[in-house]
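All remarks here apply to the structure that follows.
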Amino acid sequence: MSPRIGLNLQMIVQTAIAIADEHGVQAVTLAVLAQQLKVRSPSLYNHIDGLPGLRREMALAGLHQLKETVMIAAVGRAGDMAIREIFRAYLNFVRKHPGLYEATLYVPEQPDEQLEQLHQNILDLVIQVLSAYHLTDEQLIHATRGLRSVLHGFSSLERSNGFALKEDVDESFEWILNVYVQGLKAMGTTTGA
């Protein structure tokens, strides 16, 4: 195999994401990636620090996209509408990029400031939207964890074909979303809902 001219980090990460979206993040290996890029595996080390480095780069790319997705969903909206749009945008992100979403769950062996900052940015956006419900600081944390649990749980079950009953999955999602919003209203007083 001759070296691929123009090989760069962005090309490597985008190819890895495409493989992950099609086959799952565990299918992304340096050998598979090198084969896809038509290079030898050692050539990848000029751009990434092995498989952990690749996983980190994929996580960074995924978290950037997820942050943008959540931000766009929330812009110009408040209260119930903002929460509803965040829920829908998050699920659509996972449906469109299942492997990339899976990559966002990467936990490095050592603390990673960039990854932590992106997680914090997403958390800050969600807390800002949830603040319309006038929850206490403690309730905001519970509500944020609840939102993430519902979204991650639902999308994970959907990806693994865990919803076998005949009822429409999108209707179930909207039902869960309504229950979550009503729960927020019950816990605090909303403004802009």
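Values in this text are rule-based calculations from the coordinates and carry no lab data. Remember, predicted model here, so these are calculated numbers, not experimental data. With ideal geometry, Cβ positions are generated from the backbone for all residues, glycine too; neighbour counts draw on all protein chains shown.
The table below gives the values:
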item: Simple Cβ-charge dipole of the range 52-187, Lys/Arg +1 and Asp/Glu -1, about Cα centre, in debye nearest 20; result: 220 debye
item: Two-decimal log10 I(q)/I(0) for the range 52-187, as the Debye equation yields it once each C-alpha is a single scatterer, q = 0.11, 0.17, 0.20 Å⁻¹; result: -0.41, -0.96, -1.25
item: Summed side-chain charge close to residue 50 - residues other than residue 50 whose Cβ falls under 14 Å, Lys, Arg +1, Asp, Glu -1; result: -1
item: Relative contact order (%) - the chain, alpha-carbon pairs under 8 angstrom, separation at least six; result: 23 percent
item: Residue-count net charge about residue 69 - beta-carbon cut-off 13 Å; Lys, Arg +1, Asp, Glu -1; result: +2
item: Residues of type lysines that residue 67 reaches as a straight line, Cα spacing below 20 Å, ignoring anything fewer than 8 places off in the same chain; result: 96
item: Separation between Cα centres of the range 81-142 and the range 1-56, rounded to whole Å; result: 27 Å
